[in-house]
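The values are calculated or read from the model by the stated rules, or taken from the named source; none is laboratory data. These figures come from a predicted structure and were not determined experimentally. Methodologically, a virtual Cβ is constructed for each residue, glycine included, from the backbone with ideal geometry; neighbour enumeration extends over all protein chains shown. In case anyone asks, the SASA skips ligands and DNA or RNA and just uses the protein heavy atoms, side chains included. Shrake-Rupley method; radii C 1.70, N 1.55, O 1.52, S 1.80 Å.
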Amino acid sequence: MEIIHKNIKRKRKWYAVFFKFCKKHKLFTYIPIAILTLSAYNLRIKNEGLVERIARLETINEALVSNMILYNRNFETFPMPIFQKLKRGDYFIAQYFNPAYVKLMGHNFGYNRYKYIGKTDYDYLPKSVADVYRNYDISVAFTGIPMKMKVAIKDSIGKPIKVEVMKWRHIRERDTLVYGMIILGSPMQL
């Protein structure tokens, strides 16, 4: 027992000397500050690397969007509203809108087609409407059979319009593309 008590006393004495030394030289203050300074420096370096990477990705994204416009240049002067979606998993990502589509439906995305490219219907339409569009897109993507559907859309002043939307599928390499063309009808009677 005495040996255990001597060891405990020695350890307490050593701790007391250590804490006195640390307190005298303010090590409890300076060591955490040094650790925080080093970690902040490392985080800043990582952040700068991420900022550079984001800038590169944004540049690549802009190039891809402009290439998508070039790829679909045949539709640029087409008078009917045309859109294109790319199937990724269970979602259909907007890839292209011709100027006629932007003129008709641009109020949903600020008349800037580049703002909506890369997003899904769920990003700017109510969930119930986006679910209907997704179901039609899935049907066309899996069967490959062109399809016409009647839907009601809202124009820029919120007035409902009956339209027919014709959708068809195009497979390019391993990508499934769903194209759509809006055929305008008469204003809905409420």
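Here are the numbers for the structure shown:
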read-out	value
Binned Cα-Cα distance frequencies in region 78-184 - 5 Å width, integer %	2, 12, 23, 29, 22, 9, 2, 0, 0
Charge dipole (the chain, unit charges on Cβ, about Cα centre) - positive-most of T77, C22, I161	C22
P(r) of region 1-69 over all Cα-Cα pairs, binned every 10 Å from zero, in whole percent	17, 18, 16, 14, 12, 10, 8, 4, 1
Partner lysines for K162 [C-alpha distance under 18 Å; skip if fewer than 8 residues away on the same chain]	K103, K148, K150, K154
GNM top mover of N42, N112, N98 - the chain, alpha-carbon springs below 10 Å	N42
Förster-model FRET efficiency, 30 Å R0, N135 and F78, C-beta, rounded to 0.05	0.70
Relative counts (whole %) of C-alpha pair distances in the chain, using bins that are 10 Å wide	8, 24, 22, 10, 7, 7, 7, 8, 5, 1, 0
Accessible-area ranking of L27, L50, largest first, probe 1.4 Å	L50, L27
Candidates L125, L38, L64, ranked by Gaussian network fluctuation over the chain, Cα under 10 Å, top entry	L38
Accessible surface, the chain, averaged per residue in Å² (probe 1.4 Å)	73 Å²
List R172, R44, ordered by accessible area with a 1.4 Å probe, largest first	R44, R172
